[in-house]
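Reading through the structure tokens given below for one structure.
The values are calculated or read from the model by the stated rules, or taken from the named source; none is laboratory data. The model shown is predicted, which means the values in this text are computed figures rather than measured ones. Cβ placement follows ideal geometry from the backbone for every residue including glycine, while neighbour counts extend to all protein chains displayed. Side chains are part of the model used for accessible areas, which takes the heavy atoms of the whole protein and leaves out ligands, DNA and RNA. Shrake-Rupley method; radii C 1.70, N 1.55, O 1.52, S 1.80 Å.
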Amino acid sequence: MKKLIILLAVAAISIAAQGQPAAVQKAGKSVFTLTTFAADGSIIGTTHGVFTGSNGEAVSSWKPFVGAARAVVIDANGQQHDVQAIYGANELYDVCRFRVEGTSTSVPLAQKNSAAGQKLWLLGYSVKKAPAKQYTVKNVETFMDGYGYYIFDGHTADNTADCPFVNQNGEIVALCQLSKTDSEVHATDVRFANSFETRGLTINEPLLRQTSIRTALPHDLNEARLTLMMAGEKSDTAAYDAYVADFIAQFPTAIDGYSSRAQRQLAQLDYAGADATMQQAISSCADKDEAHSAYSSLIYQQQLYHPDTTYGDWSLQKALSQANEAYAIKPLSVYSHQQAQIVFAQGQYDDAYQRFMALTKSDIRNGELFYEAAQCQTHLGATPEQIIALLDSAVSVNPDQSISAPYYLARGRLLDQAGQVRRAVQDYNKYDTLTYGRGSHDFYYIKYKAESRIRQYQQALQDIAHAIVLNRTEPTYYAEMASLQLRVNQLEDAIRTADLCIQLEPDYADPYIVKGIAHGELKQKAEALQALGKAKELGDERADALIEKYKK
């Protein structure tokens, strides 16, 4: 009897092996384990997943990535791969698509839903022969664009989470998701997770920002440019460098990746690296004019902002020659503008002026050209009226747009210096409006001084207060505010402001003078004389006359 039982068991194993198609076993090579780690190296989660492409594309669950700083997968050959980037995720269905470094073994995805009653195989992970268990589809619910959400009778072990269900053709159908019951097994259509693609703004999606692993660069060039720009605005330099490397790999004939890398190298004072990058760009880019222009811009920046450093033959003349190369390939006005700016930096102001003015009649006519022409005329010793006329033209191009804010400010300062204070204040107000009240503390200080001269005291007080808010450590602002408060008879306020000034700078005579006068006008003789006495100690010549006035 015992011998018969053994024979029956062997027969059962043989039948099971025969019932598992070779294609199913082949699909087992696409299964991997996934482990995610926090920044301190501790493990956040471990699960499985499946490769869906030959270049490291994969899908698994999203939850282990939340809070993760890095992640690795171990493939069916026992090889470890770092997770490089994420394409997208869905929190409701707990699925995620990502990419690992290196190549991967994948099998086709099923292109249509399996039907109720159809048998599927659940593949486990193994570096040898992947374990497989057969299930019968109990029900298929469709969601979104017809993707399948599968329900099976039975139960499965915890270590099969995110393992794939495959059909008899070895095509991946769905990812196993552990059920809260012991009587059912659920699975989500793998095509849904595999449909995730990044766009230009994906980098800012709140869901994906729950992980420190960066998003993948979009496949569309314009979308990738947007991602690259937004990545550059963030503080994660390592992620930005990875985006740049991806961009160059994906779009080797586009200038953006090379210029971004060269800009990073320039910021790090790695001139040799930046030069090599731009030489590669000139060799690889489809639009050679863009490469020469970008090279010119790089050298120009180095010459402008780091004039005390040298590298090879980098000079303003070389920057100009590269701009000339760009213009020779494609005679665009933007390259003419680049040439004019370099000529200006060389100190050839008359030549630069003629170039800027010629461009005001071109297809890129804008306020900046008139503004730059005004700067040329300033260096050439033109009259304020001539320069103001150019700034009038700069403002007139886009009078109500933020791009014109610098032109209003420049004109306002010239008008201020020329004694046309009311017009200057109008320009200061316009600048303030166009910048949404985000001027610097010194702007509000010059605005306050102009308003004081035309007796717009209330506005002047507001602006000197704004300057103080932006720079609380500058005693001059407190002294000026106290002085104006004294002038408009806000005596108690003047005393309080003077005290704040004295706290910052105890040896500054002006606040003691203001404080002494304010106390004197309030008939507080002792306090007035004390403050004025301190001003006298500090050498202020005004103190004696005021002491004589208030001691009577």
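At-a-glance table
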| quantity | calculated |
| --- | --- |
| Selection within region 365-380 - open to solvent by 60 Å² or more (accessible area, probe 1.4 Å) and without any contact (Cβ under 8 Å) to a residue 24 or more places away in the chain | 378 |
| Residue in region 205-215 that is among the acidic types (Asp, Glu), surrounded by fewer than 17 Cβ atoms within 10 Å (Cβ to Cβ) and farther than 30 Å from residue 116 by Cβ present | yes |
| Unmet requirement for residue 442, which otherwise passes all of (1) open to solvent by less than 60 Å² (accessible area, probe 1.4 Å); (2) in a helix (DSSP H, G or I); (3) acidic (Asp, Glu) | (1) |
| Selection from region 408-428 of residues that are open to solvent by less than 60 Å² (accessible area, probe 1.4 Å) and out of contact with any Phe, Trp or Tyr (no Cβ under 6 Å at 6 or more places or on another chain) | 410, 411, 414, 415, 416, 418, 419, 421, 424, 425, 428 |
| Among (1) aliphatic (A, V, I, L, M); (2) open to solvent by 50 Å² or more (accessible area, probe 1.4 Å); (3) touching a Phe, Trp or Tyr at 6+ places or on another chain (Cβ under 6 Å), the one test that residue 405 misses | (2) |
| Filtered residue count, region 454-485, keeping only those that are within 40 Å of the chain's Cα centre (by Cα), among the charged types (D, E, K, R) and open to solvent by 20 Å² or more (accessible area, probe 1.4 Å) | 3 |
| Unique residue being among the hydroxyl-bearing types (Ser, Thr, Tyr) and within 22 Å of residue 367 (Cα to Cα) when the list is 402, 452 | 402 |
| Pair list, Cβ under 8 Å, 6 or more apart: region 303-324 residue touching a residue at least 12 places away in the same chain (Cβ under 8 Å) and open to solvent by less than 40 Å² (accessible area, probe 1.4 Å), other residue aromatic (Phe, Trp, Tyr) and in a helix (DSSP H, G or I) | 314/271; 316/300; 319/300; 322/295; 323/335 |
| Residue within region 194-204 that is among the hydrophobic types (A, V, I, L, M, F, W, C) and in contact with a helix residue (DSSP H, G or I) (Cβ under 6 Å, 6 or more places away or on another chain) present | yes |
| Residue count, region 181-198 (criterion: part of a strand (DSSP E or B) and under 14 Å from residue 144 (Cβ atoms)) | 2 |
| Residues being open to solvent by less than 60 Å² (accessible area, probe 1.4 Å) and of a type in the set (D, E, K, R) - total across region 60-95 | 2 |
| Residue satisfying condition, being over 20 Å from residue 359 (Cα atoms) and assigned to a helix (DSSP H, G or I), within set 410, 373 | 410 |
| Checklist (1) open to solvent by 50 Å² or more (accessible area, probe 1.4 Å); (2) among the β-branched types (Val, Ile, Thr); (3) touching a Gly at 6+ places or on another chain (Cβ under 9 Å) applied to residue 107, failing item | (1) |
| Complete set of residues in region 392-438 that are within 33 Å of the chain's Cα centre (by Cα) and hydroxyl-bearing (Ser, Thr, Tyr) | 396, 402, 404, 407, 408, 428, 431, 433, 435, 436 |
| Subset of region 145-177 that is in contact with a helix residue (DSSP H, G or I) (Cβ under 7 Å, 6 or more places away or on another chain) and closer than 14 Å to residue 191 by Cα - its residue that is surrounded by the fewest Cβ atoms within 10 Å (Cβ to Cβ) | 147 |
| One residue from 500, 529, 491 being touching a His at 6+ places or on another chain (Cβ under 9 Å), within 25 Å of residue 453 (Cα to Cα) and either without any contact (Cβ under 8 Å) to a residue 12 or more places away in the chain or surrounded by fewer than 21 Cβ atoms within 10 Å (Cβ to Cβ) (or both) | 491 |
| Qualifying position, being in contact (Cβ under 8 Å) with a residue 24 or more places away in the chain, small (Gly, Ala, Ser) and within 17 Å of residue 96 (Cα to Cα), among 231, 132, 161 | 161 |
| Strands (runs of 3 or more DSSP E) (entirely within region 69-169) containing at least 1 residues that are under 44 Å from the mean Cα position of the chain (by Cα) and within 21 Å of residue 35 (Cα to Cα) | 70-74, 80-90, 95-100, 119-123, 164-166 |
